[in-house]
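Notes for the one structure printed next.
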Amino acid sequence: MPKATPESPRKAEASRKTERSSLFIGSTEKTFRVLHAFDGPSRHLTLGDIARVADLDRSATQRVVHTLEELGYLYRVPETRNYGLTSKVLQFSYNYIRANELVDKASPYLLEISRQVGETTNLQELDGSEIVFVARFPGRHLVNVDIVVGARLPAMFTASGIAILSRLPEPQVKRILAQTRLEPMTPYTEINPEKLLERIRLASRRGYAIVENETVLGDISVAAPITDHGGTAVAAINIAVPTSRWSVERAEAELAKHIQVAATSISKSRLSTFRR
């Protein structure tokens, strides 16, 4: 299946100009493009690196970087030409999590499961075509230390993403599939569109999803959706276990019930909140 070449930010910006409100502030967009330049694997970037990744000219990049440095969101690495993010950017994450009612209601259930089975539990929300980890309770045997709160993975390749998608209308699921770069993350990542849609339908029938080795080698994940009063998914919870100690069959038999009971309880808890 041929892969579409993504538009550059400049081309995408030009194509959206006619749709933008007169209230849109272009300089604010440039600021966030500079901050998102640090989304990649490099912790530190030069001014030229930032301009290239953000797809901005050097002059605009220099002004934005200088402003963010003055405000305390970027810092200059001593004796280099590199810049990095400061801990000040974490304030946004903290404010989001502190105000997130779902995190507040789901955390006791995730903690209890983690203590019962000794494995890592997570809460994820859907953002575009990705899931975002918004709460994480490591078990006695942490599967992947690279996954932290704020980490993102393609929804289509994860048990939590599949669980969420299984409770969304199919036209929306297909739009998310169209937005997903179908590039394997491991040798076992399923990228066939029809097979991806079929396993979402299977998760809808079962009430949970399970995947093995698709985003992280050595990982089995079992997930169930958290739904609102209308039955539409708002998030998912999952248990992640290592293939060195678990098989898919054992994980499905022993862990799916924990996840489903917790997801149902959280859904009902949110439902009572919405009704008040």
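The values are calculated or read from the model by the stated rules, or taken from the named source; none is laboratory data. Please read all numbers here as calculations on a predicted model, not as lab measurements. Neighbour counts are summed over all protein chains in view; Cβ atoms, including those assigned to glycine, are modelled from backbone coordinates with ideal geometry.
Provide a single number: the residues in region 48-95 that are in a helix (DSSP H, G or I) and either within 20 Å of Glu29 (Cα to Cα) or charged (D, E, K, R) (or both).
Qualifying residue count, region 48-95: 27.
Report yes if Pro225 is more than 15 Å from Leu126 (Cα to Cα) and modelled with pLDDT of 95 or more, otherwise no.
Taking the combined requirement at face value, the residue does not satisfy it.
What pairs come out if I take residues in region 44-55 that are within 15 Å of Tyr75 (Cα to Cα) and pair them with residues that are crowded, with 21+ Cβ neighbours inside 10 Å and of a type in the set (S, T, N, Q) whose C-beta lies under 7 Å away, six or more apart or interchain?
Sorted first by the residue in region 44-55, then by its partner, the pairs are Leu47/Thr61; Ile50/Thr61.
Could you please tell me which pairs satisfy a Cβ distance under 9 Å, a separation of 6+ or placement on different chains, a first residue in region 240-259 that is farther than 17 Å from Gly218 by Cβ and in the same structural domain as Thr121 (by TED's automatic domain parsing), and a second residue that is part of a loop (DSSP other than H, G, I, E, B) and of a type outside the set (Phe, Trp, Tyr)?
Qualifying pairs under 9 Å: Ala256/Gly207.
Can Lys30 be described as basic (Lys, Arg) and either modelled with pLDDT under 80 or surrounded by fewer than 11 Cβ atoms within 10 Å (Cβ to Cβ) (or both)?
So Lys30 fails the test.
Restricting attention to region 37-47, which residues are under 11 Å from Asn82 (Cα atoms) and in a helix (DSSP H, G or I)?
Leu47
So for region 37-45 (the condition being more than 26 Å from Arg152 (Cα to Cα) and either surrounded by 13 or more Cβ atoms within 10 Å (Cβ to Cβ) or small (Gly, Ala, Ser) (or both)), does at least one residue qualify?
No: zero hits.
Which residue, of Ser114, Ser93, Ser87, is surrounded by 13 or more Cβ atoms within 10 Å (Cβ to Cβ) and either under 30 Å from Ala135 (Cβ atoms) or in the same structural domain as Gln260 (by TED's automatic domain parsing) (or both)?
Of the residues listed, the single one that is surrounded by 13 or more Cβ atoms within 10 Å (Cβ to Cβ) and either under 30 Å from Ala135 (Cβ atoms) or in the same structural domain as Gln260 (by TED's automatic domain parsing) (or both) is Ser114.
Hey, can you tell me all the residues within region 178-198 that are part of a loop (DSSP other than H, G, I, E, B) and under 25 Å from Leu123 (Cβ atoms)?
Scanning region 178-198 gives Thr180, Arg181, Met185, Thr186, Tyr188, Thr189, Glu190.
Residues are listed down the side, and each one gets a yes or a no for (1) touching a helix residue (DSSP H, G or I) at 6+ places or on another chain (Cβ under 9 Å); (2) more than 13 Å from Ile113 (Cβ to Cβ); (3) surrounded by fewer than 16 Cβ atoms within 10 Å (Cβ to Cβ); (4) at pLDDT 95 or above:
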position	(1), (2), (3), (4)
Glu198	no, yes, yes, yes
Glu212	yes, yes, no, yes
Ala233	yes, yes, no, no
Arg245	no, yes, yes, no
